[in-house]
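Have a look at the structure below before the remarks.
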Amino acid sequence: MKKAFIVIVLLLLVSIIGNVVLFQFWQKATTGDPLSSLRTKYPLLSTRAINPNAVNELIVNFLPLRQQIHKIVDPYGSSFAIYFEYLPTGTTIGINEDHEFTAESLLKVPVVMAYYHKKEVMGMKTDPTVTLTKDELNSKFGDLYKKGVGYLINLGDVVKLALQKSDNTASLVLADQISEDDFQFVYDGLDIPESVTGDTPIITAQEYSSILKALYYGSVLNSDDSEKILSLLTQTDFTSLLPSGIPKGIPIAHKIGLVNGQIYQDCGIVYLPQRPYSLCMVSKSDFKTAQERMHTVSKAVYTYVAQMQQ
């Protein structure tokens, strides 16, 4: 009789445990994984930005890559700067990363961020349409200026042109839509100094990476706006510099810059699955030389991070 009682109790326990396990599977199937849902909505934001408890792959040994980068870059001397950061751990590699250079087109991203900040503050759900003015037309880079004075354009399209085409006129249009306070709010959140040479803003490779990381971590704008800007930056027309060393299919949110055909810049976040990293490069050279240098460095960094064992 005692044996039968024990058997019955054990069967009940097994049944209860089984039901609990089945319920958990059913609950997960019906409610879905919250992190998976957020990752679908915000694929370009840091995992920690949408779930502070999530963990990425933590590679810690970057000495071989550091040595390899120095071997490649040291012969370039002061004409090349690089700043690499492995985002899951914050490990960095820099060469001439504190050398200042003209910011030029790279500042289009903070200008767009300031416009989105203004929208957030004012509760604007849509982008208004504006008219191009004479002072906004700039033929140095991009084609929007060809539309001429009086052309009507939606500011959502202006944002796309500023980020994807690096259009100067588009950037000036956005600048006219924001206040000094809007821009100052964004710049203060980037934790980088405001430096100028004459009237020209200057920045370093290390400092510019802070701009993209502010979007990646959603630390200045809300998640939706940060995601949108990063998404637009993955769809730029410029693939011959930083992206040239990375296999197709890997998203790269990046911004290029050039100064008088003498300085070429490319800074971005490479979304290698579970191993995202930022890479900023500046080459004081002609375009062909800049292309060769950035391709070599970008490929070396990607190969190491992709193949590195934990």
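Looking at region 135-149 only, could you name the residues that are in a helix (DSSP H, G or I) and either surrounded by fewer than 18 Cβ atoms within 10 Å (Cβ to Cβ) or not acidic (Asp, Glu) (or both)?
Once the filter is applied, which keeps residues that are in a helix (DSSP H, G or I) and either surrounded by fewer than 18 Cβ atoms within 10 Å (Cβ to Cβ) or not acidic (Asp, Glu) (or both), region 135-149 yields Asp135, Leu144, Tyr145, Lys146, Lys147.
Is region 33-53 home to any residue that is closer than 27 Å to Ile211 by Cβ, assigned to a loop (DSSP other than H, G, I, E, B), in contact with a Lys or Arg (Cβ under 6 Å, 6 or more places away or on another chain) and at pLDDT below 95?
Checked region 33-53: no residue is closer than 27 Å to Ile211 by Cβ, assigned to a loop (DSSP other than H, G, I, E, B), in contact with a Lys or Arg (Cβ under 6 Å, 6 or more places away or on another chain) and at pLDDT below 95.
Only one of these conditions is not met by Pro110: (1) in a helix (DSSP H, G or I); (2) at pLDDT 95 or above. Which number is it?
All conditions pass for Pro110, except number (2).
When you scan region 237-255, do you find a residue that is under 12 Å from the mean Cα position of the chain (by Cα), in contact (Cβ under 8 Å) with a residue 40 or more places away in the chain and part of a helix (DSSP H, G or I), even just one?
Scanning region 237-255 turns up no residue that is under 12 Å from the mean Cα position of the chain (by Cα), in contact (Cβ under 8 Å) with a residue 40 or more places away in the chain and part of a helix (DSSP H, G or I).
Tell me, which residue of region 256-274 that is part of a loop (DSSP other than H, G, I, E, B) and touching a residue at least 60 places away in the same chain (Cβ under 8 Å) is surrounded by the fewest Cβ atoms within 10 Å (Cβ to Cβ)? Working first, answer last.
Taking region 256-274 and keeping what is part of a loop (DSSP other than H, G, I, E, B), we get 260-262, 271-274.
Filter again for touching a residue at least 60 places away in the same chain (Cβ under 8 Å), leaving 271, 274.
Values: Tyr271: 20, Gln274: 10.
Per the criteria, the residue is Gln274.
Looking at Ala253, Ala214 in this structure, which one is within 17 Å of Ala103 (Cβ to Cβ) and either small (Gly, Ala, Ser) or crowded, with 19+ Cβ neighbours inside 10 Å (or both)?
On the way: Ala253 fails: within 17 Å of Ala103 (Cβ to Cβ).
That would be Ala214, the only listed residue that is within 17 Å of Ala103 (Cβ to Cβ) and either small (Gly, Ala, Ser) or crowded, with 19+ Cβ neighbours inside 10 Å (or both).
Please enumerate the residues belonging to region 279-297 that are under 18 Å from Ala103 (Cα atoms) and either of a type in the set (Phe, Trp, Tyr) or surrounded by fewer than 24 Cβ atoms within 10 Å (Cβ to Cβ) (or both).
Hits for region 279-297 are Lys284, Ser285, Asp286, Phe287.
Can you name every residue in region 215-244 that is touching a Lys or Arg at 6+ places or on another chain (Cβ under 7 Å) and modelled with pLDDT of 95 or more?
Step one: filter region 215-244 for residues touching a Lys or Arg at 6+ places or on another chain (Cβ under 7 Å), giving 232-233, 237.
Leu232, Leu233 - these are the residues of region 215-244 that are touching a Lys or Arg at 6+ places or on another chain (Cβ under 7 Å) and modelled with pLDDT of 95 or more.
The values are calculated or read from the model by the stated rules, or taken from the named source; none is laboratory data. Nothing here was measured: the structure is a model prediction, and the numbers come from that model. All Cβ positions, even for glycine, are placed from backbone atoms using ideal geometry, and neighbour counts span all protein chains on display.
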